[in-house]
Amino acid sequence: MKTTNVKAFGAKAADTPLNEMTIDRRAVTAKDIEIDIMYCGVCHSDLHFAKNDWGMTTYPVVPGHEIVGRVTQVGSEISRNKVGDVVAVGCLVDSCRTCSSCEHDLEQYCLNGWTGTYGGYDKHLNQPTHGGYSQKIVVDEHFVLKVPSNLDLAAVAPLLCAGITTWSPLRHWNVGKGSKVAVVGLGGLGHMAVKLAKGLGAEVTLFSRSPGKEKDAMDLGADAVIISTDANQMQAVGGKFDLIIDTVPYVHDVNPYVGALTIDGTLVLVGYLGGLEPILNTVPMIMGRRSVSASLIGGIAETQEMLDFCGKHNIVSEIEIIKMQEINEAYERMIKSDVKYRFVIDMTSLK
Ligand code: NAP
Ligand code: ZN
Ligand code: ZN
């Protein structure tokens, strides 16, 4: 298949910094759209992937799955999008479209394996997929989202992962007026969870290990902040929440959060991937029919629903714009939680 060379930024190994490289993009097929990338958000998953934290990275890797850009070419069967449109791409660029998950708009749980925007496998090119830290991307129209015209485009980018990953559990567990929701960790995902839960009408509490984020959390819409390292504050919220969304990226004790759930409440883990330590105590679960669950990004229809909701309620991410060449420093800062609250790369810096 014909390919085009585009400039990108990626890692050649787990212990080397990201650097400029050239990658192939496939020629536009009948159902494809070619997008000139304007902005790409920086997710903690990009960092996990570049450093092979999950043991599944093949190199070179070009991260980035919070993409906003302009359509530059459309395939012969495309009618929904045209050249010049501003569109978005999130974490998914393909799935089988025929399994029961795909039929129910749950492409992220495709039974035949979904294709990640990076670290997946491009069936057309027979090569690993490469993400948004690049000039252009070619994506099947089914996985291309419409961007509400009233929102700031750079600040929309993080909605494509941080937004949908927190929106999906809020919707699945029917959060609305009267719901008591808590969010663990005020980072990229956490700050979107606070804004979206508030937008849905919930009473929102933030659990943070970082004293100093209280004012920001309240400004973002939280009704209360609990410092998770303070035993008295933790005890005071025992049995309180219907839903807790835990965004912490590294292994941590989730037992105190189970204790903070009401009867039938659910703790949804969206951050850490792996075995829990210390072990999960079932006593508070059994004594209150409390659940510990988890959730992966969201399907395409649900992502569009979230974008439309954000358009209607004027919700975007709080961002710091960086140049592509500043990505390694941005990763260092993200590890220290020194970002308010999402880095977004201005992709014109790669031109
Ligand atoms: P982030 O911006 O770095 O935010 C993570 C927040 O967690 C930090 O701001 C901090 O909040 C807290 N935190 C960080 N390290 C911690 C530690 N060692 N112990 C306790 N708390 C800690 O990261 P993100 O982009 O929001 O991503 C969060 C996680 O979600 C990552 O692991 C990412 O891979 C994962 N993720 C999952 C999905 C999914 O589909 N499930 C999708 C996207 C991302 P405080 O300072 O307030 O405590
Ligand atoms: Zn992500
Ligand atoms: Zn499928």
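Key figures
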item: Theoretical gain in end-to-end length, H172 to I263 [0.36 nm per residue, Cα-Cα removed]; result: 31.0 nm
item: Cα long-axis angle, helix 162-172 against the chain (0 to 90 degrees, to the nearest 10); result: 60
item: Theoretical FRET efficiency, 1/(1+(r/R0)^6), r = Cβ-Cβ of Y59 and E103, R0 56 Å, to 0.05; result: 0.95
item: Sites matching GluC sites (Glu not before Pro) across segment 57-107 that sit in DSSP coil, with at most 11 neighbouring C-beta atoms within 10 Å; result: E77
item: Simple Cβ-charge dipole of segment 252-312, Lys/Arg +1 and Asp/Glu -1, about Cα centre, in debye nearest 20; result: 160
item: Percentage, to the nearest whole number, of Cα pairs in segment 149-229 over 14 Å apart; result: 60
item: Residue among V83, H313, N255 farthest towards the positive dipole end of the chain, charges placed on Cβ; result: V83
item: Mean Cβ count within 10 Å, highest first, over the residues of peptides 286-296, 38-48; result: 38-48, 286-296
item: DSSP bridge orientation in the chain - percent antiparallel, rounded to nearest 5; result: 55
item: Distance histogram in 5 Å bins (all Cα pairs of segment 288-351, percent per bin); result: 4, 13, 14, 13, 16, 20, 12, 4, 2, 1, 0, 0
item: Bins of 5 Å from zero: percent of alpha-carbon pairs in segment 160-297; result: 2, 11, 23, 25, 23, 12, 3, 0
item: Debye intensity ratio I(q)/I(0), log10, segment 26-66, q values 0.23, 0.29, 0.30 Å⁻¹ (C-alpha model); result: -0.83, -0.95, -0.98
item: Using alpha-carbon coordinates, inclination of helix 300-313 to the longest axis of the chain, degrees; result: 70
item: Segment D230-K323, length gained on full extension (0.36 nm per residue, minus Cα span); result: 29.7 nm
item: Accessible carbon and sulfur surface of segment 1-130 relative to its total accessible area, %, 1.4 Å; result: 49
item: Computed log₁₀ I(q)/I(0) - Debye formula, equal Cα scatterers, no solvent, segment 10-86, q 0.21, 0.26 Å⁻¹; result: -0.95, -1.14
item: 9 Å beta-carbon shell around V71, net charge (K/R +1, D/E -1); result: -1
item: Chain lengthening between Y121 and D338 when straightened (0.36 nm per residue, less Cα-Cα); result: 74.8 nm
item: Check: segment 240-351 dipole with +1 on Lys, Arg Cβ and -1 on Asp, Glu Cβ, in debye; result: 100
item: Taking N as its residue count, the alpha carbon Rg of the chain over 2.2 N^0.38 Å; result: 0.97
item: Of G201, G131, G90, the one that fluctuates the most in a GNM where the chain has Cα springs shorter than 10 Å; result: G201
item: Lys/Arg +1, Asp/Glu -1 at C-beta; segment 203-262 dipole; positive extreme among S210, I244, G221; result: S210
item: Computed magnitude of the charge dipole of segment 1-140 (debye, nearest 20; Cβ of K, R +1, Cβ of D, E -1); result: 360
item: Dimensionless Rg over Rh [segment 272-321; C-alpha; Kirkwood]; result: 1.18
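The values are calculated or read from the model by the stated rules, or taken from the named source; none is laboratory data. Just so you know, these numbers come straight off a predicted model, no measurement behind them. With ideal geometry, Cβ positions are generated from the backbone for all residues, glycine too; neighbour counts draw on all protein chains shown. For the accessible areas, the whole protein counts, side chains as well, though only heavy atoms, and no ligand, DNA or RNA atoms are used. Shrake-Rupley method; radii C 1.70, N 1.55, O 1.52, S 1.80 Å.
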